[in-house]
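Novice: This is the structure I have questions about; it appears just below.
Computed from the coordinates by the stated procedures, all read-outs in this text should not be read as laboratory data. None of these values were measured; they are calculated from a predicted model. Methodologically, a virtual Cβ is constructed for each residue, glycine included, from the backbone with ideal geometry; neighbour enumeration extends over all protein chains shown.
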Amino acid sequence: MQYNPCEKHNLIRDSVRHFAETELAPIAAEIDRRAAFPQDVIDKMKKLNYFGLQVPKEFGGAALDSVSAAIVVEELSRVCAAVGLCVTVHNGVGIFPFLQFGSPQQQKKYLPKLASGEMIGAFSLTEANAGSDAGSVETTAVKDNEEYILNGTKIFVTNGGVCDLSLIFALTSAEKERLQSSVFIVESSFEGFLRGELEDLCGMRANPVSSLFLENCRVPEENILGKLGMGMKIGMNTLDNGRIGVAAQALGIAQGAFEAAVKYAKERQQFKKPIASLQTIQNYIADMATEQAAARLLLYRACELKDAGEPYGCEAAMAKLYCSSVASKTTSLAVQIHGGYGYSKEYDVERYFRDAKVTEIYEGTSEIQRMVIARAILSKVLL
Ligand code: COS
C-alpha cells in the first residue's frame with residue numbers, strides 16, 4: 001500500500017482547486033457573514049458530478065476511488081468549508097448507506113437523483129438525548145399496514161434546510177432488552193416532514209443546518225434501508241465512512257489557514273523584517289507543515305484500506321481525530337501569526353478558526369474517536 005497521490009489524483013486536485021479558487025473564493029467570506037447557502041455555485045457543482053463522487057457510473061456518478069473523493073472535499077474545504085460540508089455529508093453519509101445497504105429498487109430509484117444533485121441528502125441520527133450515545137434515539141416508527149408512522153425530532157441536521165431526502169433513524173422495537181432502531185428513507189415531500197429554523201452557528205455558517213420534525217410522517221415500508229432493526233449497524237458503518245469525509249474537510253481547512261499564515265508571515269514587517277524571519281514563527285510553520293503531512297498520510301491510509309475492502313473504522317477514527325486536531329491547532333496558530341488582524345473579519349483566518357472547531361465534534365466527538373480506536377485495539381488478541 002502506498003499513499004503517494006498518482007497522476008489522476010493530482011489532476012483531480014488541480015481541477016477542484018481551480019473551481020474553488022474561481023467560484024468559491026470570491027464569495028466564501030460573504031456567505032459566511034450572511035449565513036447564506038450558495039445555490040448558484042451548488043448548481044454548478046452538480047454539473048461537475050461533485051454530488052455523485054463515489055456513485056457507480058451506471059447511476060450517473062463519478063465512481064471515484066476514496067482518495068480522489070477525499071481530495072475533492074479537501075480542496076473545496078481549503079477555500080470554503082461550509083460548501084465542503086454540504087458535499088461530504090451528501091456523499092459520505094447521505095449516499096454511502098444506499099450503496100452499502102440499499103435494495104436494487106432503492107438504488108435504482110434514488111441513486112441517479114442523488115448523484116446528479118437533483119436530490120440533496122442528509123443523515124438524521126442526532127436528537128436532543130442521542131448524540132454520542134447513538135443507540136438512544138427516541139424517534140418512533142410504528143407499523144400501520146404497509147407503512148410506518150414516524151414521530152420525533154432530529155437536531156443539528158447538516159443540509160437540513162435544503163435536503164430533499166433524509167435518512168431517519170427511528171425506534172422500531174422496544175420489546176428487547178436493548179431498543180432497536182431502523183433507518184427510513186424519508187423524502188422532504190412526505191406529509192409530516194417539517195423543517196425547523198436554520199441554526200445560528202459559530203462556524204460553517206453557509207450550511208443550512210436545522211432540526212427536522214416528523215409529525216405522523218407516513219413512510220412506505222419499502223423505504224426501510226437494509227433490514228428492520230439494522231439502525232445501529234447502518235449508523236456505525238456509515239459513520240466510519242463519514243469520518244473519512246470529516247477528516248478530509250478538516251485537512252482542507254488546515255491547509256487553507258496554513259497557506260494564508262505563510263503568505264502573511266512573509267509580507268508582514270515587524271522589527272524592520274518579515275515576521276517569517278523570526279524563529280518562533282518559523283517553528284510554528286514547521287510544526288504546521290509536519291502535522292499536515294502526517295494527517296494526510298492517516299487520511300489516505302484509511303481511504304486505501306476502505307477501497308481494498310479491509311476493515312477501516314479504526315483508521316478512519318484515527319484520521320478524523322488527528323486531522324480535526326491539526327485543523328484546530330493550525331487555524332489557531334494562523335490567527336496568532338496574523339496577530340490582531342487575524343482576529344478581524346478582514347482576514348479569512350478567523351473564519352477558518354471558527355469552521356475548524358466543529359470537526360472535533362460532529363460525526364463523533366474526539367472523545368468518541370478515542371473510544372472507537374481503543375476498542376479496536378483492545379479487542380485484538382495481544383501477543
Ligand atoms: N460497523 C458496523 N456495525 C457496528 C460498528 C461498525 N463500525 N460499530 C458497532 N457496530 C454494531 C455492533 O456490532 C453492535 O451490533 P449488535 O447490537 O448487533 O451487536 C451495534 O452496532 C452497537 O455497537 P456497540 O455495542 O459498540 O454500541 P455502543 O452503544 O457501545 O456505542 C459508540 C458505540 C460509542 C462507539 C457509538 O455509539 C458511536 O460511534 N457514537 C458516536 C455517534 C456519533 O458519531 N454521533 C454523532 C452524530 S451523527 S452526525
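Novice: When you take every Cα atom in the range 59-98, what is the radius of gyration, and what is Dmax, the widest Cα pair distance, in Å?
Specialist: According to the Cα coordinates of the range 59-98, Rg and Dmax are 10.2, 29 Å.
Novice: Out of the range 161-214, which trypsin sites (Lys or Arg not before Pro) are coil in DSSP terms and have no more than 16 other C-beta atoms within 10 Å?
Specialist: Of the trypsin sites (Lys or Arg not before Pro), the ones in loops of the range 161-214 whose Cβ has at most 16 other Cβ atoms within 10 Å are Lys176, Arg178.
Novice: I've got another one for you. Quick check: net charge around Gln107, other residues with Cβ under 14 Å of its Cβ, Lys/Arg +1 and Asp/Glu -1?
Specialist: Value of the local net charge: +2.
Novice: Determine, from the Cβ-Cβ distance of Ser344 and Glu7 and an R0 of 30 Å, the FRET efficiency 1/(1 + (r/R0)^6), rounded to the nearest 0.05.
Specialist: Plugging the Cβ-Cβ distance into 1/(1 + (r/R0)^6) gives 0.15.
Novice: Return an integer: the convex hull volume of the alpha-carbon atoms of the range 39-132, in Å³ per residue.
Specialist: 117
Novice: Starting from the alpha-carbon convex hull of the range 237-304, give the projected area averaged over all orientations, in nm².
Specialist: Spelled out: convex hull of the Cα atoms, projected over all directions, averaged, 4.8 nm².
Novice: Dividing the Cα convex hull volume of the range 189-342 by residue count, how many Å³ per residue is that?
Specialist: Normalising the Cα hull of the range 189-342 by residue number yields 141 Å³.
Novice: Right, next: Ordered by residue, what ³J(HN,Hα) values in Hz, to whole numbers, does the range 17-26 give under the Karplus form 6.51 cos²θ - 1.76 cosθ + 1.60, where θ = phi - 60° and Gly and Pro are x?
Specialist: Each residue's phi maps through the Karplus curve to give 4, 4, 4, 5, 5, 7, 9, 9, 3, x Hz.
Novice: If you take the Cα atoms of the range 283-348, find Rg, then find the Kirkwood Rh from the mean of 1/r over all pairs, what is Rg/Rh?
Specialist: 1.15
Novice: From a point 7 Å beyond the Cα of Gln180 in the direction of its Cβ, which residues of the range 210-248 have a backbone N at a distance under 16 Å?
Specialist: Once the point is set 7 Å along Cα→Cβ of Gln180, 224-235 turn out to lie under 16 Å by backbone N, inside the range 210-248.
Novice: Hey, could you pull the Cα Rg and Dmax for the range 69-209, both in Å?
Specialist: Rg, Dmax (Cα atoms, Å): 15.6, 49.
Novice: Between their Cα atoms, which of Lys46/Lys154; Lys143/Lys227; Lys8/Lys46 are more than 24 Å away from each other?
Specialist: Beyond 24 Å: Lys46/Lys154.
Novice: Order of 246-255, 51-60, 263-272, 89-98 by packing, highest average Cβ count within 10 Å first?
Specialist: 246-255, 89-98, 51-60, 263-272
Novice: Please report Rg (one decimal) and Dmax (integer) in Å for the Cα set of the range 251-380.
Specialist: Here Rg and the maximum Cα pair distance are 16.9, 58 Å.
Novice: Quick check: convex hull of the Cα atoms in the chain, volume per residue, rounded to a whole Å³?
Specialist: Once divided by residue count, the hull of the chain is 144 Å³.
Novice: Also, quick follow-up: For the range 188-229, what value does the Rg/Rh ratio take when both radii are computed over Cα atoms and Rh is the Kirkwood radius, given to two decimals?
Specialist: The Rg/Rh ratio comes out at 1.12.
Novice: Would you grab the residues whose amide H sits under 5 Å from the one on Gly229? Only those 5+ places off in sequence or on another chain, please, with H modelled 1.01 Å from N.
Specialist: The list, which skips near neighbours in sequence, is Ser182, Val183.
Novice: Related question: Might you report the magnitude of the Cβ-based charge dipole of the chain about its Cα centre, with Lys and Arg at +1 and Asp and Glu at -1, to the nearest 20 debye?
Specialist: Charge dipole of the chain: 1040 debye, to the nearest 20.
Novice: A further question on this structure: Per-residue HN-Hα couplings for the range 221-231, Karplus 6.51 cos²θ - 1.76 cosθ + 1.60 at θ = phi - 60°, whole Hz, x for Gly and Pro?
Specialist: 4, 5, 8, 6, 8, x, 10, 3, x, 8, x
Novice: Taking the mean number of other Cβ atoms within 10 Å as a proxy for protection, how do you rank 162-170, 8-16, 212-220 from highest to lowest?
Specialist: Sorting 162-170, 8-16, 212-220 by mean packing, highest first, produces 162-170, 212-220, 8-16.
Novice: Residue by residue through the range 118-131, which ³J(HN,Hα) values in whole Hz follow from phi under the Karplus form 6.51 cos²θ - 1.76 cosθ + 1.60 (θ = phi - 60°), with glycine and proline marked x?
Specialist: 4, 10, 9, x, 9, 9, 10, 10, 5, 9, 4, 10, 9, x
Novice: Moving on to the next point. Provide Val372, Val72 in ascending order of the number of other Cβ atoms located within 10 Å of each residue's Cβ, fewest first.
Specialist: By the 10 Å Cβ count, ascending, the order reads Val372, Val72.
Novice: Mean shadow of the range 6-52, computed from the convex hull of its alpha carbons, in nm²?
Specialist: Directional mean of the projected Cα hull area for the range 6-52 stands at 3.7 nm².
Novice: If you keep only loop residues by DSSP, which trypsin sites (Lys or Arg not before Pro) in the range 318-383 have at most 13 other Cβ atoms within 10 Å of their Cβ?
Specialist: Filter output for the range 318-383: Lys345, Lys380.
Novice: Over 5 Å intervals from 0, what percent of Cα-Cα pairs in the range 270-321 sits in each interval?
Specialist: 4, 20, 17, 12, 11, 9, 9, 7, 5, 3, 2, 0
Novice: Looking at the chain, what % of its DSSP beta bridges pair antiparallel, to the nearest 5?
Specialist: Of all bridge pairs located within the chain, approximately 85 percent are antiparallel.
Novice: Let me ask something else. Check which residues have an amide H placed less than 5 Å from Leu64's amide H, if you skip close sequence neighbours.
Specialist: Distant-sequence amide H within range of Leu64: Gln54, Val55.
Novice: Suppose each label sits 7 Å from its Cα in the direction of the beta carbon; what would the Arg33-Ala286 distance come out to in nanometres?
Specialist: In this crude label model, Arg33 to Ala286 measures out at 3.9 nm.
Novice: I've got another one for you. Amide H to amide H, which residues 5 or more places from Leu125 or on other chains are under 5 Å from it, using H placed in the peptide plane?
Specialist: Here nothing satisfies the definition.
Novice: Could I ask something else about it? Which one of Ser136, Pro311, Ala36 is farthest out on the positive end of the charge dipole of the chain, using unit charges on Cβ (Lys, Arg +1; Asp, Glu -1) and the Cα centre as origin?
Specialist: So the residue furthest toward the plus end is Pro311.
Novice: Another question, if that's okay. Could you work out the mean projected area of the convex hull around the alpha carbons of the range 205-277, in square nanometres to one decimal?
Specialist: The number I arrive at for the range 205-277 is 8.6 nm².
Novice: Ranking request for peptides 80-86, 39-45: highest mean number of other beta-carbon atoms within 10 Å first, then the rest in descending order.
Specialist: Averaged packing, sorted descending, gives the order 80-86, 39-45.
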